[in-house]
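Heads up, the thing below is written out as structure tokens.
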Amino acid sequence: MLVQRGKGAHEGEGSRVLYTRLPQDIAERKILLLDPILATGNSIIAAIAKLVEFGVRMERIVFICLIAAPEGIRNLFSVYPTITIVTTEVDEGLDARGQVIPGIGNFGDRYFGTDQLDADDLGCDGPQVARNDSVVSMH
């Protein structure tokens, strides 16, 4: 599945699914939905909506990310209150551009080596599971 982030995603502009190729029995499978960063939540909401359109039940979906912003968690739970979120870190929030702070910068830039940020300490506390408005640490 390929999801394009909305240009003004931090201002409520939605994301859209550009490409989907799923197995015919997708509705019967357990789904691990992966995205490195949960910022506004709009891209994940679009991806989950597509899975639901294909008949996947919410209890079969687990969303996994490295870093999450509280705003994204709240946004995701406002649309899908029963979704399970697994993350390593819940950061402070979003900046004016809708990026997680302190965060790790643009994940795509870091992954492809196109940024100049120092990654000595990401400050992760270990895995956490969010269920609606609570976060449970799994140390």
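Going through (1) in contact with a Phe, Trp or Tyr (Cβ under 9 Å, 6 or more places away or on another chain); (2) surrounded by 13 or more Cβ atoms within 10 Å (Cβ to Cβ) one by one, L32 falls short only on (2). When the stretch 51-67 is limited to residues that are touching a strand residue (DSSP E or B) at 6+ places or on another chain (Cβ under 6 Å) and farther than 21 Å from R16 by Cβ, the one that is most open to solvent (accessible area, probe 1.4 Å) turns out to be L66. Among residues of the stretch 13-26 that are within 21 Å of N75 (Cβ to Cβ), those with a Cβ under 7 angstrom from a residue that is among the hydroxyl-bearing types (S, T, Y) and surrounded by 13 or more Cβ atoms within 10 Å (Cβ to Cβ), sequence gap 6+ or separate chain, pair up as S15/S43.
For every residue, the table says whether it meets (1) within 19 Å of I101 (Cα to Cα); (2) open to solvent by less than 20 Å² (accessible area, probe 1.4 Å).
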{"position": "M1", "(1), (2)": "no, no"}
{"position": "R16", "(1), (2)": "no, no"}
{"position": "P23", "(1), (2)": "no, no"}
{"position": "A49", "(1), (2)": "no, no"}
{"position": "A69", "(1), (2)": "yes, yes"}
{"position": "L76", "(1), (2)": "yes, yes"}
{"position": "I83", "(1), (2)": "no, yes"}
{"position": "T87", "(1), (2)": "yes, yes"}
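When the residues of the stretch 89-98 are filtered to those that are touching an Asp or Glu at 6+ places or on another chain (Cβ under 7 Å) and closer than 20 Å to S15 by Cβ, the one that is most open to solvent (accessible area, probe 1.4 Å) is L94. Say we look at the stretch 64-82 and pick out the residues that are touching a Ser or Thr at 6+ places or on another chain (Cβ under 6 Å) and hydrophobic (A, V, I, L, M, F, W, C); which of these is farthest from D35 (Cα to Cα)? Ranking the qualifying residues of the stretch 64-82, first place goes to A68. For the stretch 33-89, a residue qualifies if it is aromatic (F, W, Y) and part of a strand (DSSP E or B), and exactly one does: F63.
Within the stretch 46-82, if we keep just the residues that are out of contact with any Lys or Arg (no Cβ under 9 Å at 6 or more places or on another chain) and β-branched (V, I, T), the residue that is farthest from I26 (Cα to Cα) turns out to be I67.
The values are calculated or read from the model by the stated rules, or taken from the named source; none is laboratory data. From a predicted model like this one, the values you see are computed outputs, not experimental measurements. Note that each Cβ is placed from the backbone with ideal geometry, even for glycine, and that neighbours are counted across all protein chains shown. Just so you know, the surface numbers come from the protein's heavy atoms only, side chains and all, with ligands and any DNA or RNA stripped out. Shrake-Rupley method; radii C 1.70, N 1.55, O 1.52, S 1.80 Å.
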